[in-house]
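Since the structure comes first, as structure tokens, the remarks are kept for the end.
Any read-out appearing in this document is the output of simple, stated calculations on the displayed coordinates, not a laboratory observation. Here the structure is a predicted model, which is why all the values come from computation and not from measurement. Using ideal geometry, Cβ is built from the backbone for each residue, glycine included, and neighbour counts are taken over all protein chains shown.
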Amino acid sequence: MNDMSITANADMALNLIDLERYPIENLEDGEGAEFLRTCQEQMEIHGWCNFDGFIKSHALDALAAESIDLLPTAETLTITRTIYQGSVDPSAPADDPRRKEYTHKATQLADDQIPEETLLQQLYRSPLLTSFIQQVQEKPVLYRCADEFQALNVVALQPGSWHAWHYDTTECTVTLLLQSADKGGEFAFLPNSRTNETEDRDAVDALLAGDMSVAKTFSRGAGAFTLFRGGYSLHGVTQVEGDRPRVTAILTYSEEPNAVLSDEVNIRIYGKRVEKILAARKAGKAL
Ligand SMILES: O=C(O)CCC(=O)C(=O)O
Ligand SMILES: [Fe+2]
């Protein structure tokens, strides 16, 4: 075996992640096991883990550049939804969040627009990284999402845009900040603001009314890798200011091996391009 084949077969996470700070290559013993225990405790108690500088700086430049190069092929989506992701429920009480929709614009690459050979796809498909994410959440199993559009996305918020407050449809959300905004574009959330039974409506109502003092924010530079319970923590991104877009990768996982979204939901999220692909497939033609 020569050096090239060793590199080609290696788990790409080993080349991209700062293993001195974040020793995920061996979580069984020594400093890796200690690191994992700290992450598990943080996740269990607070519902989030934030790893600044998770990606080594030279690797980050390459990861950001390849995503930014792909962005001209992305769709610009206008997303209107309630914080629970549905449409307005007119039967809900007047002050209920189900009565209000929020809109934001995002330039979004779906998984099928991010080629397999990109470093970002290789990072996402890293068995080491998936195993780390599974263990931090103490899940018996965790799979990368099998949906051809949703699995890995890159989302750019252009100056002037925000990411409207919402809960995700998956329990735990994993993001990698590829390019931060000049100013603004801060990720803000209410850790564990709901359970399956209840919701902290005081905090939710306050955030929706614009009171940012109730929200948790981090100062995250590019290369920050964040896990948070997005399905249970109301969250969003404040308005991006300055000249450049804020670019994030969203890595989706599931406890089910073959988790896919319905065509209807994919069309709602990804718009016309996906509608055309799915219609052509139904008609027996590949697009
Ligand atoms: O860009 C971020 O930091 C969060 C994005 C997000 O909440 C989402 O895509 O669901
Ligand atoms: Fe989200």
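Remarks
- Within a Gaussian network of the chain (alpha carbon springs, distance under 10 Å), most fluctuating of ALA33, ALA92, ALA62: ALA92
- Between ALA151 and ASP111, the built amide H atoms are under 5 Å apart, and every one of these is 5 or more places off in sequence or on another chain.
- Value of Rg/Rh across segment 179-287 [Cα atoms, Kirkwood radius]: 1.06
- Relative to the 2.2 N^0.38 Å rule of thumb, segment 131-171 has a C-alpha radius of gyration ratio of 1.56.
- Most mobile of HIS235, HIS58, HIS46 in a GNM of the chain (Cα contacts under 10 Å): HIS58
- Structure note, pairs LYS56/LYS100; LYS56/LYS183; LYS105/LYS139: Cα-Cα distances above 30 angstrom occur for LYS56/LYS100; LYS105/LYS139.
- The trypsin sites (Lys or Arg not before Pro) of segment 84-114 that DSSP puts in a loop, and whose beta carbon has at most 15 other beta carbons within 10 Å, are LYS100.
- For LYS56, nonlocal amide neighbours, meaning residues 5 or more places apart or on other chains whose placed amide H falls under 5 Å from its own, are ILE17, ASP18.
- Backbone geometry of segment 238-246 corresponds, through the Karplus equation with coefficients 6.51, -1.76 and 1.60 at θ = phi - 60°, to 3J(HN,Hα) couplings of 5, 4, 7, 10, x, 9, 10, x, 8 Hz, x marking Gly and Pro.
- Within segment 148-198, all pairs of alpha-carbon atoms sorted by distance into 5 Å bins from zero give the percentages 4, 12, 25, 24, 18, 12, 4, 1.
- When the alpha-carbon atoms of segment 26-184 are used, the pair Rg, Dmax equals 18.0, 56 angstrom.
- Partner lysines for LYS285 [C-alpha distance under 21 Å; skip if fewer than 8 residues away on the same chain]: LYS272, LYS276
- Just checking the listed ones, SER180, SER233, SER219: in the Gaussian network model of the chain with Cα springs under 10 Å, the one fluctuating most is SER219.
- Near ALA222, the amide H atoms lying under 5 Å from its own belong to SER180; only residues 5 or more places off or on other chains count, and H is placed 1.01 Å from N.
- Ratio Rg/Rh, restricted to the chain and using Cα atoms, in which Rh is the Kirkwood radius: 0.96
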